[in-house]
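Student: What follows is a single structure, and I will ask about it in a moment.
The values are calculated or read from the model by the stated rules, or taken from the named source; none is laboratory data. As the structure is a prediction and not an experimental result, all values here were calculated from the model. Positions of Cβ are generated from backbone atoms using ideal geometry, with glycine treated the same way; all protein chains shown enter the neighbour counts. These area figures cover heavy atoms from the full protein model, side chains too; ligands, DNA and RNA do not enter into them. Shrake-Rupley method; radii C 1.70, N 1.55, O 1.52, S 1.80 Å.
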Amino acid sequence: MKIIMLGAPGAGKGTQAKKIAAKYGIPHISTGDIFRANIKNNTELGQKAKTYMDKGELVPDELVVDLIMDRFKEADCANGYVLDGFPRTIPQAEALDKALKAQGEAVDFAINVEVPDENIINRMSGRRACVGCGATYHIEFNPTKVEGVCDACGEKLILRDDDKPETVKNRLSVYHEQTQPLIDYYAKADVLAEVDGTQDMEKVFSDIVNVLGA
Ligand code: ADP
Ligand code: ADP
Ligand code: ZN
């Protein structure tokens, strides 16, 4: 099963993608996580990506597309995947379609997690990410057992630099300009499903399971 998560930054794509991956036994592929791992390891790709990410802009398509095409070659992708944060532009979606088509395949579901802009700043300023394992929490909606400490691995939690309100505003306008058009794109391809992302996490997930099938 090949699934794409659509939605504004902070809509809950990562949260839901992890649950989907666990239930359906497919890998969760987050381009943001891949870039952050590259930044942490100070690779050339990480250095390039960081200059865009810090400003809340998108990393250029060619960098992202090559990266994701390499990731698809790994063995764990044989039964599909859930993509979180890719595609984010029409050219990225076209590159994905072309690559899949060459193998007689196609995207099965594009799930749009809908959350209005007014909820986003609050979601992002409360998001905390683990420096060790990348798990995400929310200080109000999904708190850790011990404040500032990851439940999964015990490492400390941080507020991502690009989750500060100034950068979030720019990320939202980039989202509306460059990523939102994908909703129409996947509606035309007849694979779009919309879920109300303002509900609690478990309800959002059960709506998604209704779409994907148990
Ligand atoms: P969020 O969790 O808020 O949706 P991500 O972790 O997916 O954010 O992405 C963080 C940043 O990484 C983006 O603001 C962008 O700079 C970069 N990025 C991630 N995926 C892509 C992509 N497919 N195309 C371009 N830039 C990307
Ligand atoms: P995205 O990957 O779309 O950027 P995340 O999954 O990282 O979004 O979620 C953004 C923040 O909002 C996180 O702190 C997460 O714990 C929290 N969150 C996710 N889903 C919900 C929800 N349904 N209700 C409240 N908070 C949520
Ligand atoms: Zn952790």
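Student: Looking only at residues that are within 17 Å of PRO87 (Cα to Cα) and of a type in the set (A, V, I, L, M) in the stretch 8-38, which one is most open to solvent (accessible area, probe 1.4 Å)?
Tutor: Among those residues, the one meeting the criterion is ILE34.
Student: Let me ask you something else. Does the stretch 124-132 contain any residue that is farther than 17 Å from GLY12 by Cα, among the β-branched types (Val, Ile, Thr), within 16 Å of ligand 3 (Cβ to nearest atom) and part of a strand (DSSP E or B)?
Tutor: No, because not a single residue in the stretch 124-132 is farther than 17 Å from GLY12 by Cα, among the β-branched types (Val, Ile, Thr), within 16 Å of ligand 3 (Cβ to nearest atom) and part of a strand (DSSP E or B).
Student: Please tell me if GLU140 is among the acidic types (Asp, Glu), without any contact (Cβ under 8 Å) to a residue 60 or more places away in the chain, open to solvent by 70 Å² or more (accessible area, probe 1.4 Å) and within 16 Å of ligand 3 (Cβ to nearest atom).
Tutor: no
Student: Still on this structure, I have one more. Quick check, is THR167 within 19 Å of ILE3 (Cα to Cα), open to solvent by less than 60 Å² (accessible area, probe 1.4 Å) and either more than 16 Å from ligand 1 (Cβ to nearest atom) or not acidic (Asp, Glu) (or both)?
Tutor: Taking the combined requirement at face value, the residue does not satisfy it.
Student: VAL115 - would you say it is at pLDDT 95 or above, touching a Leu at 6+ places or on another chain (Cβ under 9 Å) and within 13 Å of ligand 1 (Cβ to nearest atom)?
Tutor: No.
Student: So if I check each of ASP184, ASP117, ASP163, ASP108, which one is of a type in the set (D, E, K, R) and free of Cβ contacts under 8 Å to residues at least 24 places away in the same chain?
Tutor: Sole residue among the options that is of a type in the set (D, E, K, R) and free of Cβ contacts under 8 Å to residues at least 24 places away in the same chain: ASP184.
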